[in-house]
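Student: Handing you a structure now.
The values are calculated or read from the model by the stated rules, or taken from the named source; none is laboratory data. Just so you know, these numbers come straight off a predicted model, no measurement behind them. Cβ placement follows ideal geometry from the backbone for every residue including glycine, while neighbour counts extend to all protein chains displayed. Ligands, DNA and RNA are excluded from the accessible area calculation, which covers all protein heavy atoms including side chains. Shrake-Rupley method; radii C 1.70, N 1.55, O 1.52, S 1.80 Å.
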Amino acid sequence: MTKMIAGIVAGLIAWTIVATIGNLMFRVAWPGYAEAEISMMFTLAMMVARLLLGALSSLCAGFVVAWITKRNGTGAKVLGIVVTAMFFPVHYVLWDKFPIWYHVIFLASLFPFTLLGARLSQRANRTMQTIRD
């Protein structure tokens, strides 16, 4: 149980770190992104990039929770539920700032991409085991 809680917390931290670094990279490398972020008036390309960053963050979070919990599928499922639940109130507040398709895609992608990240961790672990053998 302790390992699962540690994995979930580490997954949340990983999600936050990946999303923050990606967002900082957008601000530095993408002309107009920082200004758009203040007013939440993103272009279509910016919204798609943000969705992809959310997917990447979820993949990494799932990978981390599976790595720490030794591929315990329950940990990845709980993490996916927690991340999704955390973003529902955020998107409720931002509802009028983004088109509905953005909210639907973002919220609907959190759980499956977290599980996919966990599966990728399992696959990477099997590959490493094969290499060692």
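Student: Before anything else, pin down the relative contact order of the chain: Cα pairs under 8 Å, at least 6 apart, normalised by residue count, whole percent.
Tutor: Numbers: 151 pairs, mean separation 44.6, N = 133.
Once divided by the residue count of the chain, the mean separation gives 34 percent.
Student: Rounded to the nearest percent, how much of the accessible area of the chain (1.4 Å probe, protein heavy atoms only) is carbon and sulfur?
Tutor: Details: 5870 of 7990 Å².
That share works out to 73 percent.
Student: How far is it, in nm, from the label point at Ile13 to the one at Lys70 when both lie 7 Å from their Cα along the line to the Cβ?
Tutor: Between Ile13 and Lys70, the label points sit 2.1 nm apart.
Student: Here's a follow-up. Round to the nearest 0.05 the FRET efficiency obtained for Val93 and Leu56 when R0 = 25 Å and r is the Cβ-Cβ distance. Write down the numbers at each step before the final one.
Tutor: Values: r = 23 Å, r/R0 = 0.94.
That gives a FRET efficiency of 0.60.
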